Structure formats: C-alpha cells, structure tokens
Amino acid sequence: MVKRRDFIKWAGATGIGFAAGAFDMLALADTKSSSFVPVIPTNTGIKGNVVVIGGGMAGATVAKYLRYWGGTGVTVTLIERDSTYASNIMSNLVLNGSRTMSSLQYGYGKLASSYGVKIVKGDVVGIDKVGRKVALASGASYAYDRLVIAPGVDFDIIPGLETAAAQAKVPHAWKAGPQTTALRNMITAMPSGGVFVMTIPAKPYRCPPGPYERACVVADWLKRNRPGSKVIVLDANPEIIAEKHSFEEGFALNGVTYVPNVIINNVDASTLTVNTNQGNFRGNVLNVIPPHRAGKVITANGLADAGGKWTNVDVLSYEAKVAPGIHVIGDASATTQPKAGHIANQEAKVCADAILRMFSGRAVDQAPVTNSACYSPITFETASWLTVTFAYDPVSQTMKAVPASAGEASARSKDNFEEMNKWFTALMGDTFA
Ligand SMILES: Cc1cc2nc3c(=O)[nH]c(=O)nc-3n(C[C@H](O)[C@H](O)[C@H](O)COP(=O)(O)OP(=O)(O)OC[C@H]3O[C@@H](n4cnc5c(N)ncnc54)[C@H](O)[C@@H]3O)c2cc1C
C-alpha cells in the first residue's frame, strides 16, 4: 500500500508525463513547465496521417504526443467542437466559490504553435470506416490513416428530464461549463435550513470519487454559509465506491445523509422532487447525475460494442475491437481502468506510442503500464487522495491493478490540498502545453 510520502514518487514515475512503454522513452523529457519549448523531431522516418476527434484530456494528449514523439512526418488533425476546453477536474471547487470557471479553461494554441497539431473547430457526425474519412456537421471531411476518437461521455435521459427547461432546473453539472455556474448560483440562492439533494449513477461513470467529493464540498460550504442546511446523497451503488474512509469521515464532519441502492423512477422538475424506490426526496436544489455512455460519435457510428454504451478496445493500442484502424481512448472506451482525466492522459500516451510503432512497422509494446491519481477536496482547505498503477496482464489481456501500488490518504489535510493544486497544474500542462 502506497503511503503519502510515496504518492508523488509514484505519480511522477509512472504517471504524468510518462506511460511505461512510451515511444522510445522520449516522454521522459519534462513538458510540464510553461517555459518548455519542444523540439519536434524531423528525422524519425515515421510517416502517417492521424485524425483525432475530441480535444479533452485524452484527445489533446494523444495529438500532442503523436507529434512530439513521431515528428514532422506525422500529420495530426485535432477536431474539437468547442473553442476552449473546460476542465471537469476541479470543477466541484466552483460550487464552493474557491475556483472560477475561467480558471478552468484551456486553449489549443500551444498544441498548434509548439507541436504543429492542426486544430479544426467542428462537430464530427459521421465516420466512413471503409473510405477512412470523417464528416463534420459543416459538410467538411477529413481523411485519415488512423483515427483516434476521444469524445468523453453523453448522458442518459432520466424520465421527467426530457426537455431543456427541465434540465435547466435540475442540472447535472457533470460536464463542466454553464451547468456548473448554474448549480453554483442555485446553491448560493439556498436559504439557511435548506436541502441539497444529489444523485449518483451506478458505475461506471466518470471520476469515481467525484460525486462524493461534490457532496463534501457543498456540505462544507452550506455549513459555513447557510446554517441548518443539509445534503442528501442518493447513490445507485450499494456503497461508496472510492475513498470510502475519507468520504465517510467527510460525510460525518458535515452531516451528509447517505442513502445507497437508490433507483430513480422519475424526477419532477417543477417541485424539485426525485421519486425513487426508497420514496420521494425534495430539495431546494436538486442535482441529478444521470447514467453515462460514450459520446454520440461512438454510439451513432456502430462503435458501442460494450453494452451499447462503450467501445471494447485492445489495451495494447486502444484499437477498437469492432473497427480496425480506429482507436478509442478516455472515458469512451471500456477498460478495467477508471474513467478519469489522469488515466485518459495515460491511455493517450500508450495509444500514441502504439500508432507510431504501427506506422514504423514495429510491434506494439507488450507491457504497458498506466497510473491513476486523484485528489479529492473534502472541505474548502483540505483534500484526500487516491492512486493505483495498472500493468498489462497477458492472460486476461486487461490492465490489472498492481496491489503494491494502490494507496489512499489516511486522513484529509491542508498539505494534500496544496499538493492537489500542484498535481492539477502538472496534469493540465502535460495535456495542453
Ligand atoms: C466534477 C468532476 C470532477 C472530476 N475530477 C477528476 C479528478 O480529480 N481526476 C481525474 O483524473 N478525473 C476527474 N474527472 C473525470 C475527467 O474529467 C474525465 O474522466 C476526463 O475529462 C475524460 O477525458 P476524455 O478526453 O475522455 O473526455 P473529455 O475530457 O470530456 O473530452 C471530450 C472532448 O471531446 C469533444 N467532443 C465530443 N464529441 C465530439 C465530436 N463529435 N466532435 C468534436 N468534438 C467532440 C468535447 O467537446 C470534449 O472537449 C472529473 C469529472 C467531473 C465531472
């Protein structure tokens, strides 16, 4: 079990900036500092044309490292529907006012200017798997030798929340952006003695500790600013699924009511009431996080072979099992690893490495290692953490957790909160700069 003093060592060695098996180990160079100026190699001899759909944690990283490791002979086109990326990571801290949404925005300028990634603003709607090209809503199309899809998640529709008006009254705020700001405004408008009700979908969903983290930071804010208020957590899972010890303590500290095994029947947005197998729960604010599935570009293009929701991949390359030449990384793929930004960054590096080896006629690495690391704020000034390393298991052909690498904080602390900010800066720098 990893202890706190070893956590940064693990995250540094196998986490940010390096996934074992990375192409020719070039990732050991430090790309995290803002003054870092990358040299894109001109002499690798590798040639290829990659289109990447989605410029989030996985897509931005794979685009960057394809150029950084592969060199100028590798053409990389990153197609993203938004002008800037809003980080989900740390967005729970917008809810307690300790961060702003503008502090969580990341642009694509450095990927273009320093790494030579071609950035296209657009929405990919179609994939021609035989002709190897993608179609945008604008009518434009882009040909590829290999396609990487990293669209993140979409959400199932909860009965009662079919309309945009109902969704505006009951935001999930599980994709950072306007809904995050809306939820923050609803929380600050709560009266003292008010009730905040939130729901958690059955796993797998993005960021296993994230909803419990949200309950803790909201409860902490209400305790200090709206005395007598309470937070009720309705969880579809049978128990807290990550950092149980830290969140149980956080719930006890701020009087959070936790209800497991909750099945939602429907939501009444006009009365902010959720009807469940365990009765009706009404709040001054209702935050329903729906079950997830891969982004629509996956489900609409015949790539959701895992339960109709996710894409099964070969974790040596993240190539889709149903579609040769197409790789799926980040939240949209079905693997044994958590759906999380840090892991998305890691999967992207393994994928970039594999594509470059394929372009140069080499076998893909047979022993990839990835690392997941996560800090969770519990109050406005304390945090806990969780980490685990995964190694490829040739028997099950999956990424398996390495027991000796797994660890979590023994207690929340201010130290952890400071280290959380350093970890976040490094992760986002490795992804976007
Ligand atoms: C509140 C919260 C807290 C979190 N905290 C943490 C944390 O502490 N640590 C951690 O590791 N993870 C955390 N996560 C999870 C993390 O944010 C996700 O796992 C991660 O963002 C997944 O990366 P991705 O690249 O798969 O998807 P995303 O980062 O969502 O990126 C997908 C991108 O694809 C674009 N896109 C989608 N479809 C198309 C299309 N058809 N055409 C063009 N562009 C498209 C989208 O606009 C988006 O920019 C948190 C999540 C939430 C909600």
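The values are calculated or read from the model by the stated rules, or taken from the named source; none is laboratory data. As the structure is a prediction and not an experimental result, all values here were calculated from the model. Cβ coordinates were reconstructed from backbone atoms using ideal geometry, including for glycine residues, and neighbour counts include every protein chain displayed. Accessible surface areas use protein heavy atoms only, side chains included; no ligands, DNA or RNA. Shrake-Rupley method; radii C 1.70, N 1.55, O 1.52, S 1.80 Å.
What is the Rg over Rh value, at two decimals, for segment 211-254, using alpha-carbon atoms and the Kirkwood definition of Rh?
Ratio of gyration radius to Kirkwood radius: 0.97.
The residue list Val315, Thr382, Ala426 was ranked by how far each Cα lies along the charge dipole of the chain toward its positive end, using unit charges on Cβ atoms, and Ala426 comes out on top. Surface calculation, 1.4 Å probe, protein heavy atoms: Val369 sits at approximately 30 Å² accessible. Distance cut-off 25 Å, Cα to Cα: go down the list Lys121/Lys296; Lys121/Lys203; Lys244/Lys321; Lys64/Lys175; Lys203/Lys414; Lys129/Lys321 and report the pairs above it. Lys121/Lys203; Lys244/Lys321; Lys203/Lys414, as the Cα separations exceed 25 Å there. In a reduced charge model with +1 at each Lys and Arg Cβ and -1 at each Asp and Glu Cβ, the chain shows a dipole moment near 560 debye about its Cα centre.
Projected over all directions and averaged, the alpha-carbon convex hull of segment 33-88 occupies 4.5 nm².
If amide H atoms are built 1.01 Å from N in the plane of the peptide, which residues on other chains or at least 5 residues away come under 5 Å of the amide H of Asn287? Close amide H contacts, sequence-distant or interchain: Val197, Met198, Thr199. In this structure His245 has an accessible area near 80 Å², from a 1.4 Å probe over the protein heavy atoms.
Full-extension gain between Glu418 and Lys121, please, as 0.36 nm times their residue separation minus the C-alpha to C-alpha distance.
The span from Glu418 to Lys121 would gain 103.4 nm if fully extended.
Centre-to-centre, using Cα atoms only, segment 310-368 and segment 293-308 are separated by 16 Å. Principal axis extents of the C-alpha atoms in segment 123-254 (largest first, rounded to whole Å): 61, 34, 26.
Take every Cα-Cα pair in the chain and report what % of them are more than 42 Å apart. Of all Cα-Cα pairs in the chain, 12 percent lie more than 42 Å apart. Treating each Cα of segment 177-237 as an identical point scatterer and summing with the Debye formula, the log10 of I(q)/I(0) at q = 0.16, 0.18, 0.28 Å⁻¹ comes to -0.54, -0.67, -1.23.
Expressed per residue, the C-alpha convex hull volume of segment 226-274 stands at 88 Å³.
Express in % the proportion of alpha carbon pairs of segment 350-433 at distances exceeding 22 Å. That fraction is 46 percent.
Averaging the sequence gap over all C-alpha pairs within less than 8 Å and six or more residues apart, then dividing by the number of residues, gives the chain a relative contact order of 21 percent.
Relative to its residue count, segment 48-140 spans a Cα convex hull of 112 Å³ per residue.
Relative to its residue count, segment 124-201 spans a Cα convex hull of 149 Å³ per residue.
Summarising the label geometry, the points placed 7 Å from Cα in the beta-carbon direction at Val259 and Ala363 lie 5.5 nm from one another. Across q = 0.26, 0.27 Å⁻¹, segment 292-345 modelled as identical point scatterers on its alpha-carbon atoms has Debye log10 I(q)/I(0) values of -1.02, -1.09, in the order of the q list.
Over the Cα atoms of segment 231-364, the radius of gyration divided by the Kirkwood radius equals 1.11; this is the Rg/Rh ratio.
Between the listed residues Leu222, Ala411, Ile53, the Cα displaced farthest toward the positive end of the dipole of the chain, a dipole computed from Cβ unit charges relative to the Cα centre, is found at Ile53. Here segment 57-105 is treated as an ellipsoid with the same Cα gyration tensor; its semi-axes, largest first and in whole Å, are 31, 11, 7.
Restricting to Cα pairs below 8 Å that are 6+ residues apart, what does the relative contact order work out to for segment 244-363? Please round to a whole percent. Relative CO of segment 244-363 lands at 13 percent.
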